[in-house]
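Enquirer: Sharing a structure, written as structure tokens. Questions coming.
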Amino acid sequence: MSGSVPMDVDTTVVETKKDSSTASSQLTNTTPLHAPKNVEEMTVQEGKEHHRRKGEEEYIKSLQSKTDILITKLQRAQEYKNNEVERLNKRREVYDNKIKVKDDRKNTGSNIRKRQRDETDEKEQVLEALRARKKTQKELKDIQIPTK
């Protein structure tokens with residue numbers, strides 16, 4: 001990886017209906033159209049059809065329930081992924097900060113040592129200049145100026 005590029009997190013959540021009573025496609029006509037509303041007044045054939053349609057409704061409800069369970073699992077998986085991405089990004093940030101602090105401390109130490117060397121060099125130059133001046137003054141004393 002180059003640099004510290006944060007990982008993109010997909011924060012979109014699939015909009016779904018959690019209510020199992022409202023499926024995306026509704027079954028129509030729970031009772032046969034031409035059958036009476038009261039089950040006891042239906043003929044045998046109409047009763048069979050009514051019973052069959054009730055079974056189909058229960059089947060669709062169970063499918064919707066399974067769908068809701070899968071949606072919940074998917075949402076948990078997305079939440080887990082987002083949490084993992086957040087955790088990993090935090091770990092990367094801590095590591096990058098640790099390296100930055102280490103480099104800063106190293107550079108600061110180098111700068112301090114360089115400044116100490118420079119100060120030592122300056123002191124030595126001043127001492128050399130003083131020694132040279134003393135030497136010339138001593139030589140001047142040694143040279144006798146002729147008097148008239």
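One line per residue, one yes/no per condition, for (1) touching a residue at least 12 places away in the same chain (Cβ under 8 Å); (2) surrounded by fewer than 10 Cβ atoms within 10 Å (Cβ to Cβ):
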position	(1), (2)
Val85	yes, no
Gly109	no, no
Leu127	no, no
Arg131	no, no
Asp142	no, yes
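Enquirer: Listed residues Ser20, Ser24; which is surrounded by 12 or more Cβ atoms within 10 Å (Cβ to Cβ), modelled with pLDDT under 80, over 30 Å from Val85 (Cα atoms) and of a type in the set (Ser, Thr, Tyr)?
Expert: Ser20
Enquirer: Any chance you could count how many residues in the range 25-43 are closer than 19 Å to Leu63 by Cα and free of Cβ contacts under 8 Å to residues at least 12 places away in the same chain?
Expert: 3
Enquirer: If you don't mind, another one. Under 6 Å by Cβ, and 6 or more places apart or on different chains, what pairs join a residue from the range 44-70 that is farther than 14 Å from Thr28 by Cα and surrounded by 11 or more Cβ atoms within 10 Å (Cβ to Cβ) with one that is modelled with pLDDT under 90 and among the aliphatic types (A, V, I, L, M)?
Expert: Final answer for the pair search is Glu46/Ala35; Gln64/Ala23.
Enquirer: Just a yes or no: is a residue in the range 138-146 polar (S, T, N, Q) and in a helix (DSSP H, G or I)?
Expert: No, the range 138-146 contains no residue that is polar (S, T, N, Q) and in a helix (DSSP H, G or I).
Enquirer: For the range 39-80, what are the residues that are modelled with pLDDT of 95 or more and of a type in the set (Lys, Arg)?
Expert: Matches in the range 39-80: Lys66, Lys73, Arg76.
The values are calculated or read from the model by the stated rules, or taken from the named source; none is laboratory data. It should be emphasised that the depicted structure is a prediction, and the values quoted were computed from it without experimental measurement. Neighbour counts run over all protein chains shown; Cβ positions are idealised from the backbone, glycine included.
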